[in-house]
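Written out below as C-alpha coordinates is the structure these notes cover.
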Amino acid sequence: MNCAIRTEGIVKSFGSRTVLDGIDLDIKGGEIFGLLGPSGAGKTTLIKILTGQLTQDSGTSYIGRKDTRKLTGADHKRFGITMDNFGLYDRLSCYENLLTFARIHGLPKSSITDALAKVGLSDAAKTPAGKLSKGMTGRLKLARAFMTDPDILFLDEPTSGLDPVSADEIHRIILSEKARGKTVFLTTHTMTEAEKLCGHIALLNEGKIVEYGSPEEICRRYDHQRMLKIHLSDGRDMELPHNSDAAAALSELIVSGRAETIHTTEPDLETVFMELTGKELSA
Amino acid sequence: MKNIIAVFLKQLSDTLKNKTVLIQFAMFPVLVIVFENAVKLEDMPEHFFARIFAVMFVGMAPLTCMSAIIAEEKEKNTLRVLMMSNVKPAEYLVGVGAYVFVMCAFGTAVFAAVGGYTGADLALFVGVMSAGIILSELTGAVIGVFSSNQMTATSITVPVMAIFSFLPMLSMFNDTIKAAARVTYSQQLSELINGIGVSEISAESMIVISVNLVIAVALFTMAYRKKGLE
(Lines give C-alpha, C1' and ligand atoms only; values in the text may rest on other atoms or scores of the structure.)
Protein backbone atom coordinates (compact mmCIF):
# COMPACT_ATOMS: atom_id res chain seq x y z
CA MET A 1 0.00 0.00 0.00
CA ASN A 2 1.17 3.55 -0.69
CA CYS A 3 1.83 6.02 2.06
CA ALA A 4 -1.50 7.72 2.75
CA ILE A 5 -0.37 10.29 5.29
CA ARG A 6 3.13 11.57 5.88
CA THR A 7 4.46 14.28 8.15
CA GLU A 8 8.02 15.53 8.52
CA GLY A 9 9.09 17.70 11.40
CA ILE A 10 5.71 19.29 12.08
CA VAL A 11 5.97 22.11 14.60
CA LYS A 12 3.00 24.12 15.81
CA SER A 13 2.92 26.66 18.61
CA PHE A 14 0.16 28.77 20.08
CA GLY A 15 1.80 31.81 21.61
CA SER A 16 4.74 30.63 23.67
CA ARG A 17 3.33 27.10 24.01
CA THR A 18 4.67 24.52 21.57
CA VAL A 19 1.86 22.04 20.97
CA LEU A 20 3.57 19.90 18.32
CA ASP A 21 7.33 19.63 18.30
CA GLY A 22 8.81 17.80 15.31
CA ILE A 23 6.19 15.20 14.41
CA ASP A 24 7.31 12.57 11.87
CA LEU A 25 4.76 10.00 10.74
CA ASP A 26 4.35 7.56 7.87
CA ILE A 27 0.91 6.01 7.69
CA LYS A 28 0.24 3.35 5.11
CA GLY A 29 -2.93 3.23 3.07
CA GLY A 30 -5.60 0.79 4.29
CA GLU A 31 -4.51 0.70 7.92
CA ILE A 32 -6.01 2.05 11.12
CA PHE A 33 -3.46 4.30 12.72
CA GLY A 34 -3.94 5.41 16.30
CA LEU A 35 -2.52 8.56 17.83
CA LEU A 36 -2.61 8.14 21.58
CA GLY A 37 -2.02 10.74 24.17
CA PRO A 38 -3.58 12.43 27.16
CA SER A 39 -5.87 15.46 26.76
CA GLY A 40 -3.89 18.44 25.56
CA ALA A 41 -1.11 16.32 24.04
CA GLY A 42 -1.69 17.85 20.58
CA LYS A 43 -3.76 15.11 18.91
CA THR A 44 -6.55 17.38 17.69
CA THR A 45 -4.04 20.00 16.55
CA LEU A 46 -2.34 17.39 14.36
CA ILE A 47 -5.68 16.34 12.83
CA LYS A 48 -6.47 19.98 12.13
CA ILE A 49 -3.13 20.41 10.36
CA LEU A 50 -3.59 17.22 8.33
CA THR A 51 -7.08 18.28 7.25
CA GLY A 52 -6.10 21.82 6.37
CA GLN A 53 -7.93 23.50 9.25
CA LEU A 54 -4.65 24.77 10.67
CA THR A 55 -1.28 25.52 9.16
CA GLN A 56 1.88 24.31 10.84
CA ASP A 57 4.64 26.74 11.77
CA SER A 58 7.25 24.51 10.14
CA GLY A 59 7.60 21.02 8.67
CA THR A 60 5.64 19.36 5.92
CA SER A 61 2.57 17.15 5.86
CA TYR A 62 1.07 15.26 2.96
CA ILE A 63 -2.17 13.46 2.25
CA GLY A 64 -1.09 11.17 -0.54
CA ARG A 65 1.19 13.47 -2.53
CA LYS A 66 -0.72 16.63 -1.68
CA ASP A 67 0.75 19.17 0.72
CA THR A 68 -1.95 19.74 3.35
CA ARG A 69 -1.34 23.49 3.16
CA LYS A 70 -2.57 23.39 -0.43
CA LEU A 71 -5.68 21.26 -0.02
CA THR A 72 -8.57 22.19 -2.29
CA GLY A 73 -12.27 21.42 -2.13
CA ALA A 74 -11.76 18.36 -4.31
CA ASP A 75 -9.12 17.09 -1.88
CA HIS A 76 -11.49 17.55 1.04
CA LYS A 77 -13.89 15.19 -0.69
CA ARG A 78 -11.23 12.47 -0.38
CA PHE A 79 -11.36 12.44 3.38
CA GLY A 80 -14.07 12.28 5.99
CA ILE A 81 -13.66 13.93 9.36
CA THR A 82 -15.42 13.59 12.66
CA MET A 83 -14.33 15.76 15.51
CA ASP A 84 -15.99 15.96 18.87
CA ASN A 85 -16.87 19.62 18.42
CA PHE A 86 -18.20 19.22 14.88
CA GLY A 87 -21.88 19.91 15.35
CA LEU A 88 -25.06 18.65 13.79
CA TYR A 89 -28.21 20.57 12.96
CA ASP A 90 -30.14 19.65 16.09
CA ARG A 91 -33.59 20.59 14.80
CA LEU A 92 -33.17 18.77 11.49
CA SER A 93 -33.72 15.03 11.24
CA CYS A 94 -30.84 12.63 10.65
CA TYR A 95 -31.97 12.39 7.02
CA GLU A 96 -32.15 16.18 6.59
CA ASN A 97 -28.71 16.59 8.17
CA LEU A 98 -27.20 14.25 5.61
CA LEU A 99 -29.34 15.67 2.80
CA THR A 100 -27.62 19.06 3.21
CA PHE A 101 -24.22 17.45 2.68
CA ALA A 102 -25.47 15.22 -0.13
CA ARG A 103 -26.54 18.41 -1.94
CA ILE A 104 -23.19 20.07 -1.26
CA HIS A 105 -21.25 17.07 -2.55
CA GLY A 106 -23.63 16.45 -5.44
CA LEU A 107 -24.52 12.97 -4.21
CA PRO A 108 -27.72 11.07 -4.98
CA LYS A 109 -30.31 10.65 -2.23
CA SER A 110 -29.53 6.95 -2.13
CA SER A 111 -26.18 7.89 -0.55
CA ILE A 112 -28.10 9.18 2.48
CA THR A 113 -30.01 5.97 3.05
CA ASP A 114 -26.83 3.98 2.44
CA ALA A 115 -24.89 6.04 4.98
CA LEU A 116 -27.67 5.77 7.57
CA ALA A 117 -27.88 2.00 7.02
CA LYS A 118 -24.12 1.65 7.37
CA VAL A 119 -24.18 3.16 10.86
CA GLY A 120 -27.44 1.47 11.88
CA LEU A 121 -29.54 4.63 11.95
CA SER A 122 -32.10 3.77 9.26
CA ASP A 123 -34.89 3.60 11.84
CA ALA A 124 -33.92 6.99 13.23
CA ALA A 125 -33.88 8.74 9.85
CA LYS A 126 -36.75 11.05 10.83
CA THR A 127 -35.52 11.70 14.38
CA PRO A 128 -34.17 15.20 15.01
CA ALA A 129 -30.43 15.06 15.60
CA GLY A 130 -30.87 16.91 18.88
CA LYS A 131 -32.95 14.05 20.26
CA LEU A 132 -30.39 11.32 19.56
CA SER A 133 -28.43 9.61 22.31
CA LYS A 134 -24.72 10.38 22.48
CA GLY A 135 -23.88 7.07 20.81
CA MET A 136 -26.35 7.70 17.98
CA THR A 137 -24.99 11.24 17.57
CA GLY A 138 -21.52 9.77 17.16
CA ARG A 139 -22.83 7.35 14.54
CA LEU A 140 -24.61 10.14 12.65
CA LYS A 141 -21.35 12.10 12.57
CA LEU A 142 -19.64 8.99 11.19
CA ALA A 143 -22.38 8.66 8.56
CA ARG A 144 -21.75 12.26 7.51
CA ALA A 145 -18.03 11.54 7.26
CA PHE A 146 -18.68 8.40 5.17
CA MET A 147 -21.07 10.03 2.71
CA THR A 148 -18.50 10.86 0.05
CA ASP A 149 -16.97 7.38 0.38
CA PRO A 150 -13.63 8.99 1.32
CA ASP A 151 -10.28 7.23 1.06
CA ILE A 152 -9.12 8.50 4.43
CA LEU A 153 -11.10 8.95 7.64
CA PHE A 154 -9.92 11.25 10.41
CA LEU A 155 -11.70 10.30 13.61
CA ASP A 156 -10.95 12.48 16.61
CA GLU A 157 -11.81 10.52 19.75
CA PRO A 158 -14.90 8.97 18.14
CA THR A 159 -15.91 7.03 21.25
CA SER A 160 -15.15 9.70 23.83
CA GLY A 161 -17.79 9.64 26.56
CA LEU A 162 -19.69 6.70 25.09
CA ASP A 163 -20.90 3.63 26.97
CA PRO A 164 -19.16 0.34 26.08
CA VAL A 165 -22.03 -0.87 23.86
CA SER A 166 -22.08 2.33 21.79
CA ALA A 167 -18.28 2.32 21.61
CA ASP A 168 -18.34 -1.29 20.39
CA GLU A 169 -20.84 -0.33 17.68
CA ILE A 170 -18.53 2.44 16.49
CA HIS A 171 -15.54 0.08 16.58
CA ARG A 172 -17.50 -2.32 14.37
CA ILE A 173 -18.16 0.48 11.87
CA ILE A 174 -14.52 1.58 11.86
CA LEU A 175 -13.30 -2.00 11.32
CA SER A 176 -15.77 -2.48 8.46
CA GLU A 177 -14.34 0.65 6.79
CA LYS A 178 -10.83 -0.75 7.16
CA ALA A 179 -12.03 -4.00 5.59
CA ARG A 180 -13.14 -1.89 2.62
CA GLY A 181 -9.57 -0.63 2.24
CA LYS A 182 -10.04 2.76 3.86
CA THR A 183 -7.27 4.44 5.81
CA VAL A 184 -8.30 5.52 9.29
CA PHE A 185 -6.43 8.08 11.37
CA LEU A 186 -7.79 7.75 14.87
CA THR A 187 -7.00 9.73 17.98
CA THR A 188 -7.87 8.29 21.34
CA HIS A 189 -6.77 8.22 24.92
CA THR A 190 -8.29 4.78 25.39
CA MET A 191 -5.65 2.09 25.34
CA THR A 192 -8.07 -0.79 24.76
CA GLU A 193 -9.51 0.99 21.72
CA ALA A 194 -6.06 1.37 20.20
CA GLU A 195 -5.16 -2.25 20.94
CA LYS A 196 -8.43 -3.46 19.44
CA LEU A 197 -8.44 -1.36 16.28
CA CYS A 198 -5.02 -0.09 15.32
CA GLY A 199 -2.33 -1.66 13.17
CA HIS A 200 0.13 0.99 14.26
CA ILE A 201 0.09 3.59 16.97
CA ALA A 202 2.11 6.57 18.05
CA LEU A 203 2.25 7.72 21.65
CA LEU A 204 2.15 11.51 21.81
CA ASN A 205 3.23 13.41 24.86
CA GLU A 206 3.75 17.15 25.20
CA GLY A 207 3.92 17.55 21.44
CA LYS A 208 6.44 14.78 20.81
CA ILE A 209 6.04 11.22 19.63
CA VAL A 210 7.61 9.14 22.37
CA GLU A 211 6.97 5.70 20.86
CA TYR A 212 5.79 4.27 17.55
CA GLY A 213 4.91 0.77 16.29
CA SER A 214 2.19 -1.84 16.48
CA PRO A 215 0.58 -2.13 19.93
CA GLU A 216 2.06 -5.61 20.32
CA GLU A 217 5.55 -4.51 19.30
CA ILE A 218 5.50 -1.62 21.72
CA CYS A 219 4.29 -3.74 24.60
CA ARG A 220 6.91 -6.40 23.85
CA ARG A 221 9.60 -3.74 23.70
CA TYR A 222 8.81 -2.71 27.26
CA ASP A 223 8.51 -6.23 28.67
CA HIS A 224 11.56 -5.85 30.88
CA GLN A 225 10.75 -8.90 33.01
CA ARG A 226 10.33 -11.32 30.08
CA MET A 227 8.55 -13.83 32.32
CA LEU A 228 5.59 -16.19 32.03
CA LYS A 229 3.10 -16.16 34.91
CA ILE A 230 1.35 -19.48 35.34
CA HIS A 231 -1.64 -20.11 37.56
CA LEU A 232 -1.68 -23.75 38.60
CA SER A 233 -4.71 -25.96 39.18
CA ASP A 234 -3.77 -26.32 42.86
CA GLY A 235 -4.21 -22.55 43.30
CA ARG A 236 -0.53 -21.63 43.37
CA ASP A 237 1.17 -19.19 40.98
CA MET A 238 4.58 -19.66 39.45
CA GLU A 239 6.84 -17.76 37.10
CA LEU A 240 9.09 -19.07 34.32
CA PRO A 241 11.51 -17.13 32.13
CA HIS A 242 10.02 -16.21 28.77
CA ASN A 243 12.64 -18.02 26.69
CA SER A 244 13.59 -21.49 25.43
CA ASP A 245 14.96 -22.51 28.84
CA ALA A 246 11.40 -22.76 30.14
CA ALA A 247 10.10 -24.89 27.26
CA ALA A 248 10.44 -28.27 28.96
CA ALA A 249 8.89 -27.15 32.25
CA LEU A 250 6.08 -25.36 30.48
CA SER A 251 5.39 -28.35 28.27
CA GLU A 252 5.18 -30.61 31.31
CA LEU A 253 2.74 -28.27 33.05
CA ILE A 254 0.47 -28.12 30.00
CA VAL A 255 0.59 -31.86 29.24
CA SER A 256 -0.12 -32.74 32.86
CA GLY A 257 -3.02 -30.31 32.91
CA ARG A 258 -1.60 -28.44 35.93
CA ALA A 259 -1.41 -25.09 34.17
CA GLU A 260 -4.78 -23.34 34.35
CA THR A 261 -3.72 -20.00 32.85
CA ILE A 262 -0.50 -18.71 31.30
CA HIS A 263 0.24 -15.02 30.85
CA THR A 264 3.26 -13.11 29.65
CA THR A 265 4.47 -10.15 31.68
CA GLU A 266 4.18 -7.71 28.77
CA PRO A 267 2.92 -4.38 30.02
CA ASP A 268 -0.18 -2.82 28.48
CA LEU A 269 -0.01 0.48 26.60
CA GLU A 270 -1.10 2.43 29.64
CA THR A 271 1.87 1.07 31.59
CA VAL A 272 4.24 1.76 28.70
CA PHE A 273 2.99 5.31 28.46
CA MET A 274 3.38 5.74 32.19
CA GLU A 275 6.94 4.44 32.00
CA LEU A 276 7.79 6.81 29.17
CA THR A 277 6.16 9.94 30.49
CA GLY A 278 5.28 9.45 34.12
CA LYS A 279 1.67 10.24 33.17
CA GLU A 280 -1.50 8.26 32.66
CA LEU A 281 -2.95 8.14 29.14
CA SER A 282 -6.42 8.93 30.36
CA ALA A 283 -5.21 11.96 32.34
CA MET B 1 -24.32 27.64 -7.02
CA LYS B 2 -25.20 24.19 -5.64
CA ASN B 3 -23.63 25.13 -2.31
CA ILE B 4 -25.75 28.28 -2.10
CA ILE B 5 -28.86 26.22 -2.88
CA ALA B 6 -27.87 23.60 -0.30
CA VAL B 7 -27.49 26.26 2.40
CA PHE B 8 -30.76 27.91 1.29
CA LEU B 9 -32.70 24.62 1.39
CA LYS B 10 -31.14 23.66 4.71
CA GLN B 11 -32.42 26.92 6.18
CA LEU B 12 -35.81 26.38 4.57
CA SER B 13 -36.07 22.93 6.23
CA ASP B 14 -35.27 24.58 9.55
CA THR B 15 -37.88 27.36 9.27
CA LEU B 16 -40.84 25.71 10.96
CA LYS B 17 -38.61 24.11 13.60
CA ASN B 18 -36.69 27.25 14.55
CA LYS B 19 -39.14 29.28 16.61
CA THR B 20 -36.66 32.13 17.17
CA VAL B 21 -36.51 32.76 13.44
CA LEU B 22 -40.11 31.85 12.62
CA ILE B 23 -41.54 34.35 15.09
CA GLN B 24 -39.49 37.14 13.53
CA PHE B 25 -40.81 36.40 10.06
CA ALA B 26 -44.42 35.98 11.18
CA MET B 27 -44.95 38.46 14.01
CA PHE B 28 -45.39 41.78 12.19
CA PRO B 29 -47.24 40.36 9.15
CA VAL B 30 -49.74 38.77 11.55
CA LEU B 31 -49.93 41.90 13.71
CA VAL B 32 -50.61 44.15 10.73
CA ILE B 33 -53.53 42.02 9.62
CA VAL B 34 -54.97 42.09 13.14
CA PHE B 35 -54.40 45.80 13.77
CA GLU B 36 -55.57 47.00 10.35
CA ASN B 37 -58.80 45.09 10.79
CA ALA B 38 -59.37 45.53 14.51
CA VAL B 39 -58.17 49.06 15.33
CA LYS B 40 -59.93 52.06 13.80
CA LEU B 41 -59.12 55.44 15.39
CA GLU B 42 -60.45 58.83 14.46
CA ASP B 43 -58.07 60.85 12.20
CA MET B 44 -55.81 57.83 11.81
CA PRO B 45 -54.04 57.93 8.41
CA GLU B 46 -55.09 55.26 5.97
CA HIS B 47 -53.15 52.02 6.36
CA PHE B 48 -51.26 53.52 9.29
CA PHE B 49 -50.33 50.16 10.79
CA ALA B 50 -49.22 48.73 7.47
CA ARG B 51 -46.72 51.57 7.06
CA ILE B 52 -45.38 51.63 10.61
CA PHE B 53 -45.21 47.86 11.01
CA ALA B 54 -43.54 47.44 7.61
CA VAL B 55 -40.61 49.57 8.76
CA MET B 56 -40.45 47.80 12.12
CA PHE B 57 -40.48 44.46 10.28
CA VAL B 58 -37.61 45.53 8.04
CA GLY B 59 -35.59 46.80 11.00
CA MET B 60 -36.15 43.67 13.04
CA ALA B 61 -36.68 40.41 11.10
CA PRO B 62 -33.74 40.33 8.65
CA LEU B 63 -31.31 41.72 11.21
CA THR B 64 -32.28 39.33 14.01
CA CYS B 65 -32.51 36.28 11.75
CA MET B 66 -29.16 36.81 10.05
CA SER B 67 -27.30 37.32 13.32
CA ALA B 68 -29.10 34.41 15.03
CA ILE B 69 -28.49 31.96 12.19
CA ILE B 70 -24.79 32.80 11.78
CA ALA B 71 -24.11 32.90 15.53
CA GLU B 72 -25.84 29.54 16.07
CA GLU B 73 -23.81 27.92 13.29
CA LYS B 74 -20.61 29.30 14.80
CA GLU B 75 -21.51 28.23 18.32
CA LYS B 76 -22.43 24.69 17.31
CA ASN B 77 -19.49 24.35 14.91
CA THR B 78 -21.78 23.37 12.03
CA LEU B 79 -20.31 26.27 10.08
CA ARG B 80 -16.86 24.69 10.32
CA VAL B 81 -18.30 21.45 8.96
CA LEU B 82 -19.78 23.36 6.02
CA MET B 83 -16.44 25.06 5.37
CA MET B 84 -14.68 21.68 5.53
CA SER B 85 -17.20 20.48 2.94
CA ASN B 86 -15.93 23.10 0.53
CA VAL B 87 -18.67 25.67 1.11
CA LYS B 88 -17.05 29.07 0.65
CA PRO B 89 -17.85 31.79 3.20
CA ALA B 90 -19.42 33.93 0.45
CA GLU B 91 -21.61 31.00 -0.65
CA TYR B 92 -22.78 30.46 2.90
CA LEU B 93 -23.60 34.12 3.45
CA VAL B 94 -25.40 34.40 0.11
CA GLY B 95 -27.37 31.21 0.87
CA VAL B 96 -28.48 32.43 4.29
CA GLY B 97 -29.06 35.95 2.96
CA ALA B 98 -31.20 34.67 0.09
CA TYR B 99 -33.23 32.57 2.51
CA VAL B 100 -33.86 35.52 4.85
CA PHE B 101 -34.69 37.73 1.86
CA VAL B 102 -37.21 35.25 0.47
CA MET B 103 -38.87 34.78 3.86
CA CYS B 104 -39.04 38.54 4.33
CA ALA B 105 -40.50 38.84 0.83
CA PHE B 106 -43.55 36.92 2.08
CA GLY B 107 -43.90 39.50 4.85
CA THR B 108 -43.48 42.29 2.32
CA ALA B 109 -46.30 40.76 0.25
CA VAL B 110 -48.57 40.83 3.30
CA PHE B 111 -47.74 44.48 4.02
CA ALA B 112 -48.25 45.38 0.36
CA ALA B 113 -51.64 43.67 0.27
CA VAL B 114 -52.81 45.13 3.58
CA GLY B 115 -51.41 48.55 2.64
CA GLY B 116 -53.37 48.50 -0.60
CA TYR B 117 -50.40 49.28 -2.86
CA THR B 118 -50.90 48.81 -6.59
CA GLY B 119 -49.05 49.64 -9.83
CA ALA B 120 -46.11 52.02 -9.52
CA ASP B 121 -46.75 52.49 -5.80
CA LEU B 122 -46.46 48.74 -5.31
CA ALA B 123 -43.19 48.65 -7.25
CA LEU B 124 -41.78 51.50 -5.16
CA PHE B 125 -42.95 49.87 -1.91
CA VAL B 126 -41.32 46.57 -2.87
CA GLY B 127 -38.12 48.41 -3.87
CA VAL B 128 -37.97 50.31 -0.58
CA MET B 129 -38.65 47.17 1.44
CA SER B 130 -36.02 45.22 -0.52
CA ALA B 131 -33.39 47.88 0.12
CA GLY B 132 -34.27 47.83 3.81
CA ILE B 133 -34.14 44.04 4.01
CA ILE B 134 -30.68 43.97 2.40
CA LEU B 135 -29.37 46.68 4.72
CA SER B 136 -30.74 44.92 7.79
CA GLU B 137 -29.33 41.60 6.58
CA LEU B 138 -25.89 43.18 6.27
CA THR B 139 -26.19 44.65 9.76
CA GLY B 140 -27.29 41.27 11.13
CA ALA B 141 -24.41 39.57 9.31
CA VAL B 142 -21.95 42.00 10.94
CA ILE B 143 -23.30 41.03 14.36
CA GLY B 144 -23.34 37.32 13.50
CA VAL B 145 -19.78 37.35 12.21
CA PHE B 146 -18.56 39.40 15.16
CA SER B 147 -20.25 37.17 17.78
CA SER B 148 -18.77 33.83 18.78
CA ASN B 149 -22.02 32.50 20.22
CA GLN B 150 -25.75 33.10 20.31
CA MET B 151 -25.74 34.86 23.69
CA THR B 152 -23.26 37.46 22.49
CA ALA B 153 -25.21 37.89 19.28
CA THR B 154 -28.49 38.42 21.14
CA SER B 155 -26.97 40.96 23.52
CA ILE B 156 -25.74 43.02 20.55
CA THR B 157 -28.75 42.43 18.31
CA VAL B 158 -31.41 43.61 20.75
CA PRO B 159 -30.25 47.24 21.14
CA VAL B 160 -29.28 47.56 17.47
CA MET B 161 -32.59 46.11 16.34
CA ALA B 162 -34.47 48.36 18.78
CA ILE B 163 -32.78 51.44 17.31
CA PHE B 164 -33.60 50.60 13.70
CA SER B 165 -37.09 49.23 14.41
CA PHE B 166 -38.48 51.66 16.91
CA LEU B 167 -36.83 55.00 16.07
CA PRO B 168 -39.18 55.65 13.11
CA MET B 169 -42.20 55.14 15.37
CA LEU B 170 -40.76 57.13 18.29
CA SER B 171 -39.78 59.97 15.96
CA MET B 172 -43.48 60.60 15.34
CA PHE B 173 -43.76 61.80 18.94
CA ASN B 174 -40.52 63.68 19.48
CA ASP B 175 -38.70 66.11 17.19
CA THR B 176 -35.30 65.53 18.81
CA ILE B 177 -35.60 61.82 18.20
CA LYS B 178 -36.78 62.56 14.69
CA ALA B 179 -33.72 64.72 14.00
CA ALA B 180 -31.40 62.02 15.33
CA ALA B 181 -33.24 59.25 13.51
CA ARG B 182 -32.80 60.94 10.13
CA VAL B 183 -29.30 59.43 9.84
CA THR B 184 -30.67 55.90 10.06
CA TYR B 185 -31.83 53.98 7.01
CA SER B 186 -34.97 52.80 8.77
CA GLN B 187 -36.16 56.39 9.35
CA GLN B 188 -35.53 57.17 5.69
CA LEU B 189 -37.36 54.00 4.67
CA SER B 190 -40.26 55.11 6.84
CA GLU B 191 -40.32 58.50 5.14
CA LEU B 192 -40.12 56.89 1.72
CA ILE B 193 -43.00 54.55 2.51
CA ASN B 194 -45.09 57.36 3.97
CA GLY B 195 -44.36 59.40 0.85
CA ILE B 196 -45.53 56.76 -1.62
CA GLY B 197 -48.23 58.30 -3.76
CA VAL B 198 -47.77 61.62 -1.98
CA SER B 199 -44.30 62.97 -2.65
CA GLU B 200 -41.21 62.31 -4.76
CA ILE B 201 -38.27 60.28 -3.50
CA SER B 202 -36.04 62.73 -1.65
CA ALA B 203 -32.35 63.06 -2.33
CA GLU B 204 -31.75 63.03 1.43
CA SER B 205 -33.31 59.58 1.73
CA MET B 206 -31.20 58.20 -1.08
CA ILE B 207 -28.00 59.69 0.33
CA VAL B 208 -28.66 58.46 3.89
CA ILE B 209 -29.56 54.97 2.68
CA SER B 210 -26.45 54.87 0.46
CA VAL B 211 -24.21 56.02 3.31
CA ASN B 212 -25.79 53.44 5.62
CA LEU B 213 -25.10 50.80 2.98
CA VAL B 214 -21.46 51.83 2.66
CA ILE B 215 -21.05 51.80 6.45
CA ALA B 216 -22.70 48.36 6.71
CA VAL B 217 -20.44 46.94 3.99
CA ALA B 218 -17.37 48.48 5.65
CA LEU B 219 -18.34 47.10 9.07
CA PHE B 220 -19.01 43.68 7.57
CA THR B 221 -15.63 43.67 5.85
CA MET B 222 -13.92 44.67 9.09
CA ALA B 223 -15.79 42.06 11.14
CA TYR B 224 -15.11 39.35 8.56
CA ARG B 225 -11.41 40.18 8.33
CA LYS B 226 -11.10 40.18 12.08
CA LYS B 227 -13.24 37.16 12.94
CA GLY B 228 -13.88 35.27 9.70
CA LEU B 229 -16.60 32.65 9.84
CA GLU B 230 -14.88 30.42 12.40
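Computed quantities for the displayed model
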item: Among (1) farther than 30 Å from A:S13 by Cβ; (2) touching a Leu at 6+ places or on another chain (Cβ under 7 Å) - the single one A:E216 does not satisfy; result: (2)
item: Pick from region B:82-102, criterion among the small types (G, A, S) and in a helix (DSSP H, G or I), ranking: nearest to the other protein chains (Cβ to nearest Cβ); result: B:G95
item: Residue that is farthest from B:G97 (Cα to Cα), among those in region B:64-81 that are more than 10 Å from chain A (Cβ to nearest Cβ) and of a type in the set (A, V, I, L, M, F, W, C); result: B:A71
item: In region B:110-139, the residues that are in contact (Cβ under 8 Å) with a residue 12 or more places away in the chain and small (G, A, S); result: B:A112, B:G115, B:G116, B:S130, B:A131, B:G132, B:S136
item: Selected residue [under 25 Å from the mean Cα position of the chain (by Cα), modelled with pLDDT of 90 or more, among the aliphatic types (A, V, I, L, M) and outside the structural domain of A:V184 (by TED's automatic domain parsing)] from A:L121, A:L116; result: A:L116
item: Some residue of region B:47-63 being within 16 Å of B:Q150 (Cβ to Cβ), within 14 Å of chain A (Cβ to nearest Cβ) and buried (at least 22 other Cβ atoms within 10 Å of the Cβ); result: no
item: Region B:1-17, subset among the aliphatic types (A, V, I, L, M) and either at pLDDT 90 or above or touching a helix residue (DSSP H, G or I) at 6+ places or on another chain (Cβ under 8 Å) (or both), residue surrounded by the fewest Cβ atoms within 10 Å (Cβ to Cβ); result: B:L16
item: Answer from A:T7, A:T18 - the residue that is of a type in the set (S, T, Y) and crowded, with 18+ Cβ neighbours inside 10 Å; result: A:T7
item: Qualifying residue in region A:155-170 (condition: out of contact with any Phe, Trp or Tyr (no Cβ under 7 Å at 6 or more places or on another chain), assigned to a helix (DSSP H, G or I) and in contact (Cβ under 8 Å) with a residue 60 or more places away in the chain); result: no
item: All positions within region B:173-230 that are buried (at least 17 other Cβ atoms within 10 Å of the Cβ) and among the charged types (D, E, K, R); result: B:E191
item: Segments classed as strands (runs of 3 or more DSSP E), wholly inside region A:27-133, with at least 3 members that are surrounded by fewer than 18 Cβ atoms within 10 Å (Cβ to Cβ); result: A:58-63
item: Residues of region A:33-64 classified as within 14 Å of chain B (Cβ to nearest Cβ) and of a type outside the set (G, A, S), total; result: 10
item: Check on B:T20, modelled with pLDDT under 90, within 14 Å of chain A (Cβ to nearest Cβ) and closer than 22 Å to B:F166 by Cα; result: yes
item: Extreme residue, farthest from A:Y212 (Cα to Cα), among residues of region A:171-194 that are part of a loop (DSSP other than H, G, I, E, B) and not basic (K, R); result: A:G181
item: So A:G37, is it in the same structural domain as A:V210 (by TED's automatic domain parsing) and under 21 Å from the mean Cα position of the chain (by Cα); result: yes
item: Residue, nearest to the other protein chains (Cβ to nearest Cβ), within region A:65-96, restricted to residues that are under 20 Å from A:K178 (Cα atoms) and under 19 Å from the mean Cα position of the chain (by Cα); result: A:I81
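Condition check ((1) over 23 Å from A:E8 (Cα atoms); (2) small (G, A, S); (3) in contact (Cβ under 8 Å) with a residue 12 or more places away in the chain) across all residues:
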{"residue": "A:T137", "(1), (2), (3)": "yes, no, yes"}
{"residue": "A:A145", "(1), (2), (3)": "yes, yes, yes"}
{"residue": "A:K196", "(1), (2), (3)": "yes, no, yes"}
{"residue": "A:V210", "(1), (2), (3)": "no, no, yes"}
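The values are calculated or read from the model by the stated rules, or taken from the named source; none is laboratory data. As the structure is a computational prediction, the values presented were derived from the model and not from experiment. Please note: Cβ atoms are built from the backbone with ideal geometry, for glycine as well, and neighbour counts cover all protein chains shown.
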